[in-house]
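K.L.:
Submitted below is the structure of interest, expressed as structure tokens.
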Amino acid sequence: MKVLTDIRFEPDVASLMGEAHVSAGSAEAAEFEALLDMACSVGRPKAAYRECFIDARGDDAVTIGGVAFTSRTLRMNLDNVGRVFAYVATCGAELDRVHRPTGDVLAEFWWDAIKAAFLGAAQGYLNEHLTGTYRLGRTISMNPGSGDVTVWPIEQQRQLFALLGDVQREIGVTLTDSCLMVPNKTVSGILFPGDHNFRACQLCHREDCPSRSAAFDADLWEATRHT
């Protein structure tokens, strides 16, 4: 497993305040910027990845680096792929250790938005590192738990973490019994070269998802035999 820790976080304050619904020049803006300064003083976004190769394929499963994953969609996406990159990117556990006043719902919302920005920095750095180092060109990423529950079950986080190694020791990310990651602003998945526009949202029936990035695709749903 390779670890990336030299990740700079240079916040776009105006953009962040917009996402957090904070008006420039307001009293809330001063409070938000104080929280952002606090986060920048301690936050350390990180990422880790492992270059892996496909060992075997089945109808609904694929074995990567000796670890078996059950997902027809993943297997189909990897039909013409020999090498993949398992990864975890995180805002950094340091942000969860900051002592802040509790009970302020608005401040907690702001803090979550700031953590998301740190995660974005980690993801961006990781993607640039992988595409530049390995000359990947266009890529696709799949994440356990994205899309409907049958697409790639979140429980397969256990296999992904086993494939990567000691993620907790290297970048401070832990996996709960329910397969959620801590810190909460963390993503994991498998990235691989691909020339089509796959998004897990295309296989998600949830209409009111605020994070939706693509419309549900009934043809793709049928093609991957999700019944």
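K.L.:
Please enumerate the residues belonging to region 18-32 that are more than 23 Å from H99 (Cα to Cα) and outside any loop (DSSP other than H, G, I, E, B). I'd like the intermediate steps shown before the answer.
P.N.:
The first filter runs over region 18-32 and keeps only residues more than 23 Å from H99 (Cα to Cα), leaving 18-19, 21, 23-26.
Correct list: G18, E19.
Table: residues versus (1) exposed (fewer than 14 other Cβ atoms within 10 Å of the Cβ); (2) in a loop (DSSP other than H, G, I, E, B); (3) free of Cβ contacts under 8 Å to residues at least 60 places away in the same chain; (4) more than 22 Å from the chain's Cα centre (by Cα).
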residue: R8; (1), (2), (3), (4): yes, yes, no, no
residue: L16; (1), (2), (3), (4): no, no, no, no
residue: A34; (1), (2), (3), (4): yes, no, yes, yes
residue: R50; (1), (2), (3), (4): no, no, no, no
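K.L.:
Looking at region 78-114 only, could you name the residues that are surrounded by 22 or more Cβ atoms within 10 Å (Cβ to Cβ) and among the polar types (S, T, N, Q)?
P.N.:
T90
K.L.:
Separate question: Please go through region 145-169 and pick out each residue that is buried (at least 19 other Cβ atoms within 10 Å of the Cβ), at pLDDT 95 or above and either over 18 Å from G66 (Cβ atoms) or of a type in the set (K, R) (or both).
P.N.:
none
Quick grid of which residues meet (1) in a helix (DSSP H, G or I); (2) modelled with pLDDT under 90; (3) within 29 Å of F192 (Cα to Cα):
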{"position": "E94", "(1), (2), (3)": "yes, no, no"}
{"position": "V98", "(1), (2), (3)": "no, yes, no"}
{"position": "F109", "(1), (2), (3)": "yes, no, no"}
{"position": "A113", "(1), (2), (3)": "yes, no, yes"}
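K.L.:
Here's another thing I want to ask about it. Give the residues of region 156-190 that are under 20 Å from C52 (Cβ atoms), over 15 Å from the mean Cα position of the chain (by Cα) and outside any helix (DSSP H, G or I), sorted by residue number.
P.N.:
G165, D166
K.L.:
Also: Cβ-Cβ distance below 7 Å, separation of 6 or more or different chains: which pairs start in region 187-199 with a residue that is farther than 13 Å from G145 by Cα and modelled with pLDDT of 95 or more and end on one that is of a type outside the set (K, R) and part of a strand (DSSP E or B)?
P.N.:
Pairs found: L191/V84; L191/F85; L191/Y87; L191/T139; L191/S141.
K.L.:
In addition: Determine whether V173 is buried (at least 19 other Cβ atoms within 10 Å of the Cβ) and in contact (Cβ under 8 Å) with a residue 40 or more places away in the chain. Write out each step before concluding.
P.N.:
Values: buried (at least 19 other Cβ atoms within 10 Å of the Cβ): yes; in contact (Cβ under 8 Å) with a residue 40 or more places away in the chain: yes.
It is true that V173 is buried (at least 19 other Cβ atoms within 10 Å of the Cβ) and in contact (Cβ under 8 Å) with a residue 40 or more places away in the chain.
K.L.:
Name, by its number, the condition in (1) surrounded by 14 or more Cβ atoms within 10 Å (Cβ to Cβ); (2) under 24 Å from L4 (Cβ atoms); (3) at pLDDT 95 or above; (4) not small (G, A, S) that does not hold for T63.
P.N.:
Only one criterion in (1) surrounded by 14 or more Cβ atoms within 10 Å (Cβ to Cβ); (2) under 24 Å from L4 (Cβ atoms); (3) at pLDDT 95 or above; (4) not small (G, A, S) is unmet by T63, namely (2).
The values are calculated or read from the model by the stated rules, or taken from the named source; none is laboratory data. Not measured: the values here are computed from a predicted model. Cβ atoms come from the backbone with ideal geometry, glycine included; neighbour counts cover every protein chain shown.
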